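The values are calculated or read from the model by the stated rules, or taken from the named source; none is laboratory data. All of these numbers come straight from a predicted model, not from anything done at the bench. A quick note on method: Cβ atoms are made from the backbone with ideal geometry, for glycine too, and the neighbour counts reach across all protein chains shown. Accessible surface is based on the protein model in full, side chains and every heavy atom, while ligands, DNA and RNA are left aside. Shrake-Rupley method; radii C 1.70, N 1.55, O 1.52, S 1.80 Å.
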Amino acid sequence: MQYKKLNKEQLIAEQSQLLAEFAALKEQGLKLDMTRGKPSAEQVSISNDILTDVGADGVYSEDGTDTRNYGGPLGIIEARRLMGELMGVKAEQVIIGGGASLNLMFDVFVRAWIHGVLPGQTPWGQLEKVKFLCPAPGYDRHFAICEYFGIEMITVPLNEDGPDMDMVEELVKTDAAIKGMWCVPQYSNPDGYTYSDAVVKRLAAMETAASDFRIFFDNAYCVHHLYEDEQARLINLYDACAAAGHADRCYIFASMAKITFGGAGISAMAMSPTNFEHQARLLGKQIICYDKVNQLRHTRFFADKAAVEAHMMKHAASLRPKFAKVEEVLAESFEQGDILKWTKPLGGYFVSVYTMEGCAKRIVELCKEAGVALTKAGATYPYGIDPQDHHIRIAPSFPPVAELDAAMRVFACAVKLASIEKLLAE
Ligand SMILES: Cc1ncc(COP(=O)(O)O)c(C=O)c1O
């Protein structure tokens, strides 16, 4: 059915049917939480073997480091090599962090704020104004970091091939207060989009008014494909920057949080040798070492990138029925582009839905009334404000398929009700 083609009487008739359906859905007394993109219990169990004993003399890393003791703030060499392989850089460019890459990103901001991005550069905290480009919809916690530091966020539309580069180039060329930009270059949170070769090359080559401009490439979903035969391909971010003569422009981040255990994986950041020296020196004041035992567990579990990729296909097998369920209920309930548009990602953790303007908050509210908690409408935009109030992030990974089915039926009914309210008001 195309709701936009219905006349007033047809809409009213449809609305009364939907209200009855919604009342019945509410009666089910659901209590479902789809607010965050967490791996399910089944997914985290895939990595259970990581918890077993590494062996009698298994506590030594390949260069003989006793991982049970202090030392090695940059991480054990095999972990740096493995994460380097995932990020497309050399082991020497990689610093291994703790269980959360978000923590590494936050710390890079702190260092830029207090010390500047390199020796001799003005600390961002001493500037009257610092601005950041934020492709949106994006990851709410990136935007929260900017808010923490009082950084002014400038929203840039995110297209299927990456951020609107005409806008990005124009802004960074003219405004020296723009010090950086957030990017989730593969299977973006929440749209699942991957940056095209052209976008990566333009990001690497563009002229910036600020000499200390930095791109935070958060490649959180670098191996998180849903299918074996159809996968996104991202060109090497660091190589593109280096080739354009801007090797210092990028910090690259990655994480095992959605490969092994949420909050208990290993995280990593990679950068140019110049950036590395600065970050490593300041990191040395902050920590003696992260958890090297966990690093060793991970490298014993994954010999190389191929092992990680094989492992990710197990996650994919667990996730595919959930993404299929979302697609099934949406395709059954709507004609793509009528009152709803939605993404069909090849990887990552989310499906984005775009409602009619001014309906997203109402839909999330209706779902809550029926016991289905969704990510707050607007959360994926800077300051939590979606100017068109039209985006909702669906996070299908955590609930079992049967619960997801129930939640998606509530969601579909809520979308129809809110859209009819809007159409009738028009
Ligand atoms: C884009 C992005 N970056 C980072 C993270 C968090 O990673 P970590 O758990 O390593 O901090 C997430 C989790 O949802 C994410 O979507």
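A few points about this structure:
- Extreme residue, nearest to the ligand (Cβ to nearest atom), among residues of region 344-358 that are of a type in the set (Gly, Ala, Ser) and open to solvent by less than 10 Å² (accessible area, probe 1.4 Å): Gly348
- Lone qualifier among Lys305, Lys361, Lys376 - being of a type in the set (Lys, Arg) and within 16 Å of the ligand (Cβ to nearest atom): Lys376
- All positions within region 14-23 that are open to solvent by 60 Å² or more (accessible area, probe 1.4 Å) and aliphatic (A, V, I, L, M): Leu19, Ala20
- Test: residue in region 273-284 that is of a type in the set (Phe, Trp, Tyr) and assigned to a helix (DSSP H, G or I): yes
- Selection within region 400-414 - over 17 Å from Lys26 (Cβ atoms) and surrounded by fewer than 21 Cβ atoms within 10 Å (Cβ to Cβ): Pro400, Val401, Ala402
- Between Glu365, Glu426, Glu328, the distinction of being at pLDDT below 95 and open to solvent by 10 Å² or more (accessible area, probe 1.4 Å) belongs to Glu426 only.
- Flag if Glu85 is more than 16 Å from the ligand (Cβ to nearest atom) and under 21 Å from Cys241 (Cβ atoms): yes
- Put simply, of Ile252, Ile287 the only residue that is in a loop (DSSP other than H, G, I, E, B) and of a type in the set (Val, Ile, Thr) is Ile287.
- Residue tally, condition open to solvent by less than 10 Å² (accessible area, probe 1.4 Å), among the hydrophobic types (A, V, I, L, M, F, W, C) and away from the ligand (no atom under 16 Å from the Cβ), over region 266-289: 2
- Test: Lys344 is within 21 Å of the chain's Cα centre (by Cα) and modelled with pLDDT of 95 or more: yes
- Residue ID - farthest from the ligand (Cβ to nearest atom), chosen from residues in region 164-222 that are within 29 Å of Ala257 (Cβ to Cβ), among the hydrophobic types (A, V, I, L, M, F, W, C) and in a helix (DSSP H, G or I): Ala204
- Here is the figure for region 151-163: residues that are more than 16 Å from Gln186 (Cα to Cα), part of a strand (DSSP E or B) and hydrophobic (A, V, I, L, M, F, W, C) total 3.
- Test: residue in region 236-258 that is open to solvent by 20 Å² or more (accessible area, probe 1.4 Å), more than 13 Å from the ligand (Cβ to nearest atom), closer than 24 Å to Ile77 by Cα and under 20 Å from the mean Cα position of the chain (by Cα): yes
- Here Ala232 qualifies as within 27 Å of Tyr195 (Cβ to Cβ), in a loop (DSSP other than H, G, I, E, B), within 16 Å of the ligand (Cβ to nearest atom) and in contact (Cβ under 8 Å) with a residue 24 or more places away in the chain.
- Members of region 192-220 that are out of contact with any Cys (no Cβ under 9 Å at 6 or more places or on another chain), in contact (Cβ under 8 Å) with a residue 60 or more places away in the chain and open to solvent by less than 10 Å² (accessible area, probe 1.4 Å): Asp212
- Boolean, His225 is in contact (Cβ under 8 Å) with a residue 24 or more places away in the chain, farther than 23 Å from Phe106 by Cβ and under 23 Å from the mean Cα position of the chain (by Cα): yes
- Considered as a group, the residues in region 290-302 that are in a loop (DSSP other than H, G, I, E, B) and open to solvent by less than 50 Å² (accessible area, probe 1.4 Å) include one that is nearest to the ligand (Cβ to nearest atom), and that residue is Tyr290.
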